[in-house]
Every structure is written in structure tokens, then in C-alpha cells.
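Trainee: Here it is: the structure, laid out below.
The values are calculated or read from the model by the stated rules, or taken from the named source; none is laboratory data. The structure presented is a predicted model; accordingly, all values stated were derived computationally and were not measured. Note that we place each Cβ from the backbone using ideal geometry, even for glycine, and neighbour counts take in every protein chain shown.
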Amino acid sequence: MRRKLAAGNWKMNGSSEALAELSELAGHHPAPSVDILICPPAPLIHRAAQAISGSSVAIGGQDCHAQSAGAHTGDVSAAMLKDAGATAVIVGHSERRVGHDERNEDVRAKARAAIENGLIAIICLGESLAQREAANTLDIIGGQLSGSVPDLVTGENLVIAYEPIWAIGTGKVPTLAQIGEVHDFIRARLERRFGAGVGRSVRLLYGGSVKPDNASEIFAVPNVDGALVGGASLKAADFSPIISALEAA
């Protein structure tokens, strides 16, 4: 059985005061039946990990460099994230792929670094609106999947997040059939590449305008093992109902 995962990506939001939201969230879910992960900005990771140490909430990073150290001003290595208290890291988010010109091979190298340093790599995949309208979604997802996922993966160190670019923060959500089609496709590709054991154990998350009022129907879609949530994860009052919906799925 794949243990479901509710992951929150704070992006470039949050301050020391926001750490109180983590304690509130942990208080709402002291013994959850799903995994809970919050990925705050890098300056908050160490304090966040300390603030909720021993609770049901884990802390992750939003990106990492492929190298372990060196002359990379402004970058953070996977080893540094681990040392700060992170247990996972997001790589390949569309805001990195588009805004920072990250290619599949860049994402693959970051994911490899994360895994080699004991972190769970959450690899994001997603198509643009133009690609969706041109009926190229599965080709795009297939290319990102094969190019971004390294070889040394297991169900314990890899999570795949499908986030259609056109649905992130827009309020637009694919139909349940569209979500199901992509998640089934990803599952089949993973099984074909890594075998049934690994392929069936990797958790697949959906991300893109997930909110308390649509979470239950999304989580009912086969092969949706949780969500990668943006804005709705900033406040415990918004994220907690999504976690509860995942527990009930």
C-alpha cells in the first residue's frame, strides 16, 4: 500500500511569524493516516524543522543544486537541506523549468543529488496550455518523465507530482478524466521502466489549484496518491481540510 502524501509548497512566501501555522497544522493532525510535508523557503527550513520536531509534519526544500558544494552563489545543496532538517525536496517545478530555463537533464541531476543525500525527490511534471490544446500532453509528460527521473529510484525516495502549468494558481482544474489519464500514463511508464514493484510503489501527486472544495473528488481518482498544494498550504485552516479529505479518500 502506498502511504498517501499531502505536500505543501510555500514558494517565496512566509516569514518567522508563519512558523506558527506549522504548529497549528500539527495540532490539527497529531496522528494522521497520511504523510504531511511542508516546503518553506530555504531561510525558514532549519527553524521550521526545529519548531515542529517530533510532530506529524515533515519539512522539505523547494529546490537544490546538483553539486554538493562549490562556487554556486545563492544555491543550496541537497546535503545542506538535509543538514537543516529537510527530508525531501521539490525539483523540476514548472516555475523553475520556465523561469530558470531548467532542462530535463538539470532536473535529473538534482533528483540524483537529492536521493544520494538521503532526501525524497519530488519531481514535477506538467504541460502548458498550448501543449494541452494541441493534444500533446502525454508526449510532453512522457518526455519529462524519461528525462527527469534518474535510475536509482525506489518507492521510498521518489515522488512524482503532475502539475499542469495552466492550472497552477489559476483556479482552473483539469477534468477528473484528464487527471486520471495522465496519472495512469505515468504509472504505466514507471512500471515499464522500473518494473511492477518500484513502479507501483512510487506515489503520484496532483498539483494545480487544489482546494478544500475540490480535494475529495480529485483524491477519488485512481492513481492519485495525494497532492502538491501551493497557496492553500500557507494557512493551517486551508490546508487541514485538504489533509482530512486525503485521509478520507
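Trainee: Which count do you get for residues in the range 75-103 that are surrounded by fewer than 18 Cβ atoms within 10 Å (Cβ to Cβ), closer than 27 Å to I168 by Cα and of a type outside the set (G, A, S)?
Mentor: 6
Trainee: Further question: Is it the case, given these coordinates, that G14 is in contact with a helix residue (DSSP H, G or I) (Cβ under 7 Å, 6 or more places away or on another chain) and on the phi > 0 side of the Ramachandran plot?
Mentor: Criteria met by G14.
Trainee: Same structure again: In the set V159, V173, V153, V182, which member is surrounded by 14 or more Cβ atoms within 10 Å (Cβ to Cβ), among the β-branched types (V, I, T), within 26 Å of W10 (Cα to Cα) and touching a Phe, Trp or Tyr at 6+ places or on another chain (Cβ under 6 Å)?
Mentor: Only one candidate passes the filter, namely V182.
Trainee: On to the next question. Would you point out the residue of the range 20-35, among those that are surrounded by fewer than 17 Cβ atoms within 10 Å (Cβ to Cβ) and of a type in the set (A, V, I, L, M), that is nearest to I243 (Cα to Cα)?
Mentor: Per the criteria, the residue is A31.
Trainee: Identify, from the list S56, S94, S68, the residue that is polar (S, T, N, Q), over 18 Å from R203 (Cβ atoms) and out of contact with any Asp or Glu (no Cβ under 8 Å at 6 or more places or on another chain).
Mentor: Only one candidate passes the filter, namely S68.
Trainee: If you don't mind, there's one more thing I want to ask. For the range 208-223, what are the residues that are in a loop (DSSP other than H, G, I, E, B), surrounded by fewer than 24 Cβ atoms within 10 Å (Cβ to Cβ) and in contact with a Gly (Cβ under 8 Å, 6 or more places away or on another chain)?
Mentor: S209, V221, P222, N223
Trainee: Do we find a residue being under 25 Å from S209 (Cβ atoms), of a type outside the set (A, V, I, L, M, F, W, C) and buried (at least 18 other Cβ atoms within 10 Å of the Cβ) anywhere in the range 63-74?
Mentor: yes
Trainee: Please identify the pairs in which a residue from the range 222-249 that is closer than 23 Å to H93 by Cα and among the β-branched types (V, I, T) has its Cβ atom under 6 Å from the Cβ atom of a residue that is at pLDDT below 95 and crowded, with 17+ Cβ neighbours inside 10 Å, counting only partners at least 6 apart or on another chain.
Mentor: Every condition considered, the pairs that remain are V229/V210.
Trainee: While we're looking at this one, here's another question. So if I check each of G171, G199, which one is of a type outside the set (F, W, Y) and without any contact (Cβ under 8 Å) to a residue 24 or more places away in the chain?
Mentor: Only one candidate passes the filter, namely G199.
Trainee: Follow-up question, since we're still on this one. Identify, from the list V153, V198, V159, the residue that is among the β-branched types (V, I, T), at pLDDT 95 or above and assigned to a helix (DSSP H, G or I).
Mentor: Answer to the selection: V198.
Trainee: Might you let me know whether the range 129-140 holds any residue that is under 14 Å from the mean Cα position of the chain (by Cα), in contact (Cβ under 8 Å) with a residue 12 or more places away in the chain and surrounded by 14 or more Cβ atoms within 10 Å (Cβ to Cβ)?
Mentor: No, the range 129-140 contains no residue that is under 14 Å from the mean Cα position of the chain (by Cα), in contact (Cβ under 8 Å) with a residue 12 or more places away in the chain and surrounded by 14 or more Cβ atoms within 10 Å (Cβ to Cβ).
Trainee: Which members of the range 4-21 meet the condition of being within 20 Å of L205 (Cβ to Cβ) and either in contact with a strand residue (DSSP E or B) (Cβ under 9 Å, 6 or more places away or on another chain) or hydrophobic (A, V, I, L, M, F, W, C) (or both)?
Mentor: Listed by number, the residues that qualify are K4, L5, A6, A7, G8, N9, W10, K11.
Trainee: Being free of Cβ contacts under 8 Å to residues at least 60 places away in the same chain, closer than 24 Å to R112 by Cα and not acidic (D, E) narrows it down to one residue among A66, A26, A20, A51; which is it?
Mentor: Step by step, each of A66, A26, A20, A51 is checked, and only A66 is free of Cβ contacts under 8 Å to residues at least 60 places away in the same chain, closer than 24 Å to R112 by Cα and not acidic (D, E).
Trainee: Give me the residue from the range 224-243 that is in a loop (DSSP other than H, G, I, E, B) and among the charged types (D, E, K, R) and, out of that set, nearest to Q62 (Cα to Cα).
Mentor: The residue in question is K235.
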